[in-house]
Structure formats: structure tokens, C-alpha cells
Amino acid sequence: MFNFKRNIGKQLKSQAESLGACNEGIENIDKLNEQELINRWLHFVNFAIKHDYPSNAFIKENFDKKLLEHNNIYVDAEFERRNARQIVVVQGSSKGSLLYDCWTTSDVYVRHDSEVVIDCTRYSKVFVHIYDNAKVKIRQSDAATVYVYRYSKNCEITTQGDVLVRNCGG
């Protein structure tokens, strides 16, 4: 059984304050359990990505890997998921595949040196945000809708089908 360290909320709060987090993002963060901390992190994922907060090492050391995977968060992990709903975060040196083949809508964030294959078919709607040195191969077919947002000149994006790619900086 994983023993959640209660003081990590205090550590995360201190780090977030030093990075300029808003009050809403850090309110009561030192009192949250592990799942609640993950929910808060996902809610403010753009802040987390912008500030690389917390580090991959911190996440791997302090959070249960199975709970992270249950929440579609992969850090230096290998994975395969089908119809992962809502938010998926892939970071570190993760490698894997995501399949969307029904009425699924998802935001996928791929970072660092991760490599991901994303297959989108039927009526899925997927928004893919790519950062750093990530390598992503996206295949679209049927009536699937795929939007890709590139945040780095160093990332590699390969597409098949009707995929809209937007450059958003970097």
C-alpha cells in the first residue's frame, strides 16, 4: 500500500507561491489528499506546464504510479489507452499510444522527450498540445476532428488525414 506523504502539499504550495500561482490554485493545497492534488494540478495544467511544476522527479517520488495512470498522467512510462477522457498528460521520456474511436473528447498534452502515436477515428474530437522535444504521430480518419497546437520548434509532428496544426510559439 502506498503511504502518501502529507507534507507534499506544503512543499507544492511553497513551490507554487514562488512561481506566482494564483490564490485559487494554491488555496488549501496543503490540506488536500493525493487525488485532490492531482485534480487541482490537472485543473491548472497550463500553469504546471509553463513552470514545469512540479518536476518529474518530484511526481515520481511522491505520487502513486497507478493513481497517476488512472488519471491519465504518464511520467517516464510506457502506456496504451483507449478513449481516455478529458485530460491526458504525457511527459518525461514516456512512450505510448492513444486510440480514440467513439464519441470521446480529450485534451492531450505531450511534453519533454515523450513519443506518442494518436489514432483518432469515428466521431472523436481530440486537442493535442505538443511541447519541448516531443515526437507525435497523429492519424485521423472517418469523422474524427483533430486539432494540434505546437508550442516548440523542436517537437516533431507527423500527421495522416485531416489534422489542423497551429503554431503557438517556440
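The values are calculated or read from the model by the stated rules, or taken from the named source; none is laboratory data. Remember, it's a predicted structure, so these values are computed and weren't measured experimentally. Cβ coordinates were reconstructed from backbone atoms using ideal geometry, including for glycine residues, and neighbour counts include every protein chain displayed. Note: areas computed on protein heavy atoms with side chains; ligands, DNA, RNA excluded. Shrake-Rupley method; radii C 1.70, N 1.55, O 1.52, S 1.80 Å.
Listed here are the residues, each with its yes/no results for (1) hydroxyl-bearing (Ser, Thr, Tyr); (2) open to solvent by less than 40 Å² (accessible area, probe 1.4 Å).
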| site | (1), (2) |
| --- | --- |
| Arg40 | no, no |
| Ala48 | no, yes |
| Ile59 | no, yes |
| Phe63 | no, yes |
| Tyr74 | yes, yes |
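Just give me the residues in the stretch 138-161 being within 17 Å of Ala84 (Cβ to Cβ) and open to solvent by 20 Å² or more (accessible area, probe 1.4 Å), in sequence order.
Arg139, Gln140, Thr145, Tyr147
Looking at the structure I just gave you, is Asn23 open to solvent by 60 Å² or more (accessible area, probe 1.4 Å) and among the polar types (S, T, N, Q)? Working first, answer last.
Working: open to solvent by 60 Å² or more (accessible area, probe 1.4 Å): yes; among the polar types (S, T, N, Q): yes.
Yes; evaluated as a whole, the condition is true for this residue.
May I ask you to list the residues in the stretch 116-137 that are crowded, with 21+ Cβ neighbours inside 10 Å and either among the hydroxyl-bearing types (Ser, Thr, Tyr) or in a loop (DSSP other than H, G, I, E, B) (or both)?
Ser124, Tyr131, Ala134
Can you list residue pairs whose Cβ atoms sit under 6 Å apart, with the first residue in the stretch 19-44 being closer than 25 Å to Glu69 by Cβ and part of a helix (DSSP H, G or I) and the second being of a type in the set (A, V, I, L, M) and open to solvent by 30 Å² or more (accessible area, probe 1.4 Å)? Count only pairs 6 or more apart in sequence or on different chains.
The qualifying pairs are Leu42/Ile87.
Under the condition of being within 16 Å of Asn56 (Cβ to Cβ) and touching a residue at least 24 places away in the same chain (Cβ under 8 Å), which residue from the stretch 96-115 is most open to solvent (accessible area, probe 1.4 Å)? Reasoning before the result, please.
Narrowing the stretch 96-115 to residues within 16 Å of Asn56 (Cβ to Cβ): 96, 109-115.
Filter once more, keeping what is touching a residue at least 24 places away in the same chain (Cβ under 8 Å): 109-112, 114.
Working: Tyr109: 17, Val110: 0, Arg111: 6, His112: 33, Ser114: 0 Å².
Ranking the qualifying residues of the stretch 96-115, first place goes to His112.
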